[in-house]
Structures are given as structure tokens and as C-alpha cells.
Amino acid sequence: MFATWGTVVHGKRWVVLVATLVITLGGGLWGLGVFDKLTQGGYEDPASESSQVNRIVQDELGQKPADVVLLYTAPPNKTVDDAEVAQRVTAALAQLPADSVAQRVDYWSAKQPALASPDKHLAMATITLAGDTFDAHQQSYDRIKDRLVVDGVPTQVGGKVPTEQAMTARSTADLTVAEAISLPVTLVLLVLIFGSLVAAALPVLVGGLSIFGALGVLRLLSLGLEVNTFAVNVATLLGLGMAIDYGLFTVGRFREELAEGRTPAQAVRRTVATAGRTVAFSATLLVIALAGLLVFPMDFLKSMAYGGMSAVAIAAILSLTLLPALLGVLGHRVDKLSLPWRRRAAGGESRFLGRIADAVMKRPVWFAAPIVAVLVLLALPFGNVQFGGADERQLPPGDPHRATAEAIAANFPAAGSNTAKIVLRGTGGPPSQATVQAYTAAAFQVPGVLDVKPTGAGGDVVLLTAPLAGDASSTEARSAVDGLRAVPSDAQVLVGGQPALVGDSVRVIVDRVPWMVGILVAATLVLMFLAFGSVLLPIKAVVMSALSLSATFGVLVFVFQEGHGTGFLGVTPQPAQAGMMVLIGAVVFGLSTDYETFLLARMVEARHSGLSTRDAVRTGLVRTGRMITAAALLLGVVTGAFGMSSLASMRFIGLGMLVALALDATVVRMLLVPAVLRLFGDAAWWAPGPLRRLQERAGLSEVERPEDARELERVG
């Protein structure tokens, strides 16, 4: 199938080239509009109890959440009760356009003592923006944000919408910087790896077009779905990284085929039949791994799945269409503009890798045992993982929006994010005063609850507010939420608020992780069996990926949660975001099987050519080791550039990817996998007869059939 496709692409190379360029560029130009559609929401489970409380508070009680929070500091030697201070602030608030502000509450107009600090040095105002959609809120805020600072009264601006805008702005700026750094550095490294400017430019071209195409898909999805701002970062990272990986292997195999004396037509056919097949399997596994994120109900995970899946799929499609067509057009000119010190053709054996392979083949246990021990040791901190949610700490220390949130939490605990909202719903009418008082008294005794006060009523519902100790992502706050939910009452009790939202989101992620793991394992076992015709190879791949992933998680917990090195990284130690952990899990698992697929493909190919198990493993390692290491290095450059982001979540992803690449592409694939295969011996290639026949009928293996060989000669 893939060999035939290679012949078709070469025969229609100009048509394929023009068509893919027009479609990708056109879709990408249209997709640039996605940046105006990105959101910072979607972190909660819409079916959770906390989300239900939010809907009750808004729809039944008419209490809209504050979109903007303003914190005013009295000038020196004055208080917020000073007449001049009050006049300046209230006048500024009154002049805000009515079409942008649905509601505002401030200390001076509302006469609420809770909106001022005890020393009357600080006072607060909240604004609910006009509009019912994310875009409408953003537009309303854009119209008033330059009019919020009051002359003569130091003003801090915070709240949900300003923080979202700050994160989106930083994310977009970081994306531009990352691309500006990674693309030229990647091109330089590719020139050094290939020894040719023309060959090096091809993977970068495919990478850029993959990003462009992914933007078009995200823009299309944003018309009906919520797309989180991080989806573009993930799409860019994976689109560029995987396109370069796929391009590296495809171009390298094409040059290898040319070096063996084949014509360009034969080389394209053979490249698509081998490297192209491997790219297709690898991309399918990674797309399925990312699709595992769709089992979670949070929109931000789904949108990152959409971004990653579209980027990887487009990178693979371009690697199977545009890239072979370009190689067919270039032919031997792929080596044009070569470096003067280029000494050997692509695919030549590396003496260094040869010595490593010989050492591993001679003493496999000496390599396998200590590597497994080290990976297990690195994974140990993961046993102490604590999960939290996204908050203002994603912004760097000193950011004004983060500083505002921290000041509000310190001086106005009831207005901070670590507050539980408790809905008491009666049957046939509102709960009685005695029921409310009984629940209030019992709730106040729950550990971690600082206060309980009624803050609203309507219909058959009474709303209580309870500020909690710690922060919204802490174990203490989640225990308090569980305690509030467990308090007996004659009324129906529903507990929401930010700490409940965080706890419910973490709980649903943990509950559904087994489904995601099941998808990843099943896809790996089935697809790798169809590719290689072995029972043990897919099982080994799953175990190796699990070891690598566990070690990566352990390092992330050691750094970001326990705080080792966070000063150097410029982030605040905090519980890990469960959503980011599963995202990294999907990507790292997919990348692990990606490199495994490229490595095993050459080993199986060598085995079917008649080599012994030992020689086949050695040949596969020597032939692909340099390319796998180069691919990991290039993806590391891309990941490292994104890891320079000012947002803690992107640094979390960046470091996680770097650790995974360092472990997986070097220690695991270069040493552990060959050692384990050497220990397996001939059993590594075994499969029961019925399964073997099923795999052969599928026609997706790496084995070159007689008709393929005859067609190759005909093409030549």
C-alpha cells in the first residue's frame, strides 16, 4: 500500500506539490484569526456539583460573578474614607460606559465594611462586564481597561477577565519568541546533521506548514467549540517538532536509498514504503494518545487534544505527500549546497554507535538492570504527587494581575478565590431559618472553615459563603469542601466555589485516567503488532514507555511541587495541575512509541532480510541511533524554546518534554531496548500462527513482498 502510494506521489509530484501548498497556506492564512477566539476557560467539569452551584447562583439568584476586581490604596496620611479619595474613585467608576458594565459594587456606594480593610488603608470594587459570552466580556473589558486607574489613588487591577487577557497576551508573545528562536536554531542543526542546506530546509518547511495547517483546523473548531489558548502552543510545539522528526527520517532514508544506487523514482517509492510507513504508524499512535484526552470533560484538555491531534496529523500527511513530492522533484539535488566537511553519506554506520551496540549485545544484563533501577528511583517522588488547579500563580512573580490577586487574598479572604459557596435547597419552598442556622453552626466546626455567612436567597434556595484556610488548590481546602458536603442537613446541600471546582476537576481526571491508559495501551498493542508481527515487541514498548513516563513525572514533582530548582526556573512551587500531567502523559507516551517505532522498524527489516536476532538489533541501533538522537535533539530545541515561556504551565510542559526526551531517546532507546531484545532472543519476533496470518493479510508490515520488489525494478 505505502509502496504504491510512493509511486503515485512521484508520478504526480507537481500536482501533489501545488495542491498541498495551496490547501495548507490557504487554510493557515484563514486560521490566523483563531488568536481572537482563544479562551482561558474550560478548566472545570460542567457536570460537577461545583458547576451546578455556579449555575444556580447565576440563574436562580441572579448573582453574576465579578469579572474585574479593583483594589484601591489610600494615599499617604489618608484613609479610603477620606472625602477626596471617595469622590475620585466613585467619579471614575460612574464614568465607565454603561454598555460595557452590567453591574458594579464598591465600598463607597454599597456601604459594605467588608469591602475595606480593617485599617481603612485598602478598599475594593468589583465590576461585572456586559455580555454573555467570552468574546463579549473581552470586548467590554477592552473598552474600559484604560479608564480604570484613578488619578491620585493607587489602583490595582485584577479578576478573571484581566488575568485571562494577561495569560493570553503572554502566551501569544511567548509563541512568537519560541518560533523566532527554535526555527533558525533547528535549521542550523539540520544543516550540521545532513551536511546540506537543501536537505536541511525540507523538514523545517514541512514544520512551518504543519503549524499553518493546524491553525486552520483550530479556527474551524473555534466556530463551535471553546479553544483554550494553550491549544495553539501545543499545536505549534508538536506540529513543528513532529514534522521535523518525520522529515529527518524521511529525507535521511531517501538519501540512503540514493546512496545505494537507486533512481529518484525508486528512492521515493522505497522511502515511502519504509520510512513513510513508519511515519504513518508513529503519527497514528501519537494521535490516538492525544485522543485519550477526549475522555475528560474539561474543555481545555479537549481543545489541547484538538490542537495536538491536528498538528501531528497534518505533519504526517505532509510528510507522506508534500515531502516525497519535493524529494521527487529534487532528486540528487537534495544534496546541493553541501558543507565542505561532509564526509559520509546519510545512513552510514557510526563507529561510536557500533561500539555501544557491541557492548550492549555482549553484556545486556549489565546495561538493563542499572538503567531500570535509575528510572524507578527517578519515579519515586511521583508517589507523593499532589494535584491542584490553574490560578494566578501561572503568571510570573511580580506580574501586576498576580500581585492584585495575592493582595486580595491576604486582605479580603471572603473575596479571594479560596471561598466555598454553599447552596441549601429546600423541598417545596426555601429551607427554614432553623435548618439554615443548624447547618451554619455545624459547617463552622469543619476544619479549615474560617467563617460561614448567608449571602443570598431566592425561590427555594439559600446561599452561604465560607472562606477557607490555605489556597484554593491546597489539600486543606479540598478537605474542607468534603467536610462541608458531609454536614447533615434537612435541606439539599450543594458546595461550589473555586476550591470545589479544583477538587471536582482533579477527581474526575483521576477517575478517568484508567480509560485514557486503556486507550493508549490497546492502540499500542494493536498497531505495533500490525506493524511488526510480534507479540512481545508491543508489550515491551508499553512497559518501556511506562518506565520513561513515570521517571518524567517523578522529576516534575521533585521540581515543581517540592520546589527543587524553582528559583532558577522562576516559578512558584505548587501542586501539579492534573490536566497538564495527563497532557504530558499523552504526549510523552506517544513520543516514546514514536522513537520505538523508528528503532524497531529497522530491526524488523534487518531480521526479515535474514540476519540473526543479535545482528538485527545491532543493525537497527546503528542505522537509526544517530537519527533518533538527532530527532530528540531537534525536538528538545523546540521544546526548550517553549520552556522559556513566562507562564508556569508552559515551563512545566517544556521541562517535562526535555526530561522525557533526554531519557527516552538516549538511555531507553539506545541502551535499554537493545539490551532487553538481546535477552529476549528469537522470542522477540514470535507470534501465534493465526495472529501472524492476520498481520500478513493486513499488508502493513515492514516486510518487502516479492511484488513490491518487482514493482521497484519496474519503476527504475
request  = Could you identify the single residue in ILE181, ILE144 that is in contact with a strand residue (DSSP E or B) (Cβ under 8 Å, 6 or more places away or on another chain) and among the β-branched types (Val, Ile, Thr)?
outcome  = ILE144
query = Of the residues that make up segment 317-334, is at least one of a type in the set (Ser, Thr, Tyr) and within 14 Å of the chain's Cα centre (by Cα)?
reply = no
key: Residue check, SER51 touching a helix residue (DSSP H, G or I) at 6+ places or on another chain (Cβ under 8 Å) and within 30 Å of ASP299 (Cβ to Cβ)   = yes
request  = Check segment 209-216 and report whether any residue there is in the same structural domain as MET644 (by TED's automatic domain parsing) and either without any contact (Cβ under 8 Å) to a residue 12 or more places away in the chain or within 16 Å of LEU301 (Cα to Cα) (or both).
outcome  = no
inquiry  = I need the full set of residues from segment 469-483 which are surrounded by 15 or more Cβ atoms within 10 Å (Cβ to Cβ) and either touching a residue at least 60 places away in the same chain (Cβ under 8 Å) or basic (Lys, Arg) (or both), in order please.
reply    = ASP471, ALA472, SER473, SER474, ARG478, ALA480, VAL481
task = Answer with yes or no whether VAL487 is in contact with a strand residue (DSSP E or B) (Cβ under 9 Å, 6 or more places away or on another chain) and touching a residue at least 60 places away in the same chain (Cβ under 8 Å).
result = no
request  = Kindly provide the set of residues from segment 640-670 that are at pLDDT below 80 and β-branched (Val, Ile, Thr), ordered by number.
outcome  = THR666
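Scan VAL85, VAL157 and give me the residue that is more than 23 Å from SER417 (Cβ to Cβ) and touching a residue at least 60 places away in the same chain (Cβ under 8 Å). Break it down stepwise before answering.
Details: VAL157 fails: more than 23 Å from SER417 (Cβ to Cβ).
None of the other options fit; the residue is VAL85.
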Test: residue in segment 24-34 that is within 30 Å of LEU122 (Cβ to Cβ) and surrounded by fewer than 21 Cβ atoms within 10 Å (Cβ to Cβ) = no
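Here's the yes/no breakdown for (1) crowded, with 20+ Cβ neighbours inside 10 Å; (2) under 30 Å from VAL101 (Cβ atoms); (3) in contact with a Pro (Cβ under 8 Å, 6 or more places away or on another chain):
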residue	(1), (2), (3)
GLY152	no, yes, yes
THR155	no, yes, no
GLU179	no, no, no
LEU189	no, no, no
LEU197	no, no, no
LEU205	no, no, no
ILE211	yes, no, no
VAL232	yes, no, no
query = Can you tell me how many residues in segment 426-449 are in contact with a strand residue (DSSP E or B) (Cβ under 8 Å, 6 or more places away or on another chain), within 27 Å of GLU476 (Cβ to Cβ) and not in a helix (DSSP H, G or I)?
reply = 2
remark   = When (1) in a helix (DSSP H, G or I); (2) hydrophobic (A, V, I, L, M, F, W, C); (3) surrounded by fewer than 24 Cβ atoms within 10 Å (Cβ to Cβ); (4) modelled with pLDDT of 85 or more are applied to ALA586, the one that fails is (3)
ask   = Which of (1) in a strand (DSSP E or B); (2) assigned by TED's automatic domain parsing to the domain that holds VAL638 does ARG170 not meet, given it meets every other one?
value = (1)
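Residues in segment 8-16: is at least one at positive phi and either buried (at least 21 other Cβ atoms within 10 Å of the Cβ) or in contact with a Ser or Thr (Cβ under 7 Å, 6 or more places away or on another chain) (or both)? Walk me through it before giving the result.
Within segment 8-16, the subset at positive phi is none.
Taking every residue of segment 8-16 in turn, none turns out to be at positive phi and either buried (at least 21 other Cβ atoms within 10 Å of the Cβ) or in contact with a Ser or Thr (Cβ under 7 Å, 6 or more places away or on another chain) (or both).
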Hits in segment 384-412 - residues which are out of contact with any strand residue (DSSP E or B) (no Cβ under 9 Å at 6 or more places or on another chain), among the small types (Gly, Ala, Ser) and touching a residue at least 24 places away in the same chain (Cβ under 8 Å) = ALA409
query = Can you find even one residue in segment 215-225 that is farther than 17 Å from VAL34 by Cβ and either among the hydrophobic types (A, V, I, L, M, F, W, C) or surrounded by fewer than 24 Cβ atoms within 10 Å (Cβ to Cβ) (or both)?
reply = no
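Yes/no matrix, rows are residues, columns are (1) in contact (Cβ under 8 Å) with a residue 24 or more places away in the chain; (2) aromatic (Phe, Trp, Tyr); (3) in the same structural domain as ALA379 (by TED's automatic domain parsing):
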position: ILE509; (1), (2), (3): yes, no, yes
position: PHE532; (1), (2), (3): yes, yes, yes
position: ILE539; (1), (2), (3): no, no, yes
position: LEU556; (1), (2), (3): yes, no, yes
position: GLY563; (1), (2), (3): no, no, yes
position: SER609; (1), (2), (3): no, no, yes
remark   = Residue hits (segment 175-229; outside any helix (DSSP H, G or I) and farther than 23 Å from ARG651 by Cβ) are GLY195, SER196, LEU223, GLY224, LEU225, GLU226
query = Which members of segment 683-697 meet the condition of being loosely packed, with under 10 Cβ neighbours inside 10 Å and either in contact with a His (Cβ under 6 Å, 6 or more places away or on another chain) or modelled with pLDDT of 80 or more (or both)?
reply = PRO688, GLY689, PRO690
key: Of the criteria (1) under 20 Å from the mean Cα position of the chain (by Cα); (2) in a helix (DSSP H, G or I); (3) crowded, with 20+ Cβ neighbours inside 10 Å, which one GLN574 fails   = (2)
ask   = In segment 622-645, which residues are of a type in the set (Ser, Thr, Tyr) and either under 16 Å from the mean Cα position of the chain (by Cα) or not assigned by TED's automatic domain parsing to the domain that holds MET304 (or both)?
value = THR639, SER645
ask   = How many residues does segment 129-146 hold that are surrounded by 13 or more Cβ atoms within 10 Å (Cβ to Cβ) and β-branched (Val, Ile, Thr)?
value = 1
query = Would you call SER48 in contact with a Leu (Cβ under 7 Å, 6 or more places away or on another chain) and crowded, with 19+ Cβ neighbours inside 10 Å?
reply = no
ask   = Does LYS37 satisfy the condition of being among the basic types (Lys, Arg) and buried (at least 17 other Cβ atoms within 10 Å of the Cβ)?
value = yes
message = With the requirement that a residue be more than 13 Å from THR73 (Cβ to Cβ) and buried (at least 17 other Cβ atoms within 10 Å of the Cβ), what does segment 107-128 give you?
response = TRP108, LEU115, THR126, ILE127, THR128
inquiry  = Could you list, ordered by first residue, the pairs with Cβ atoms under 8 Å in which the first is in segment 297-318 and touching a residue at least 40 places away in the same chain (Cβ under 8 Å) and over 25 Å from VAL204 (Cα atoms) and the second is surrounded by 24 or more Cβ atoms within 10 Å (Cβ to Cβ) and of a type in the set (Ser, Thr, Tyr), at least 6 apart or interchain?
reply    = MET298/SER505
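The values are calculated or read from the model by the stated rules, or taken from the named source; none is laboratory data. Just so it is clear, the model here is predicted, and its values are computed rather than measured. Reconstructed Cβ throughout: ideal geometry from the backbone, glycine too, with neighbour counts over all protein chains shown.
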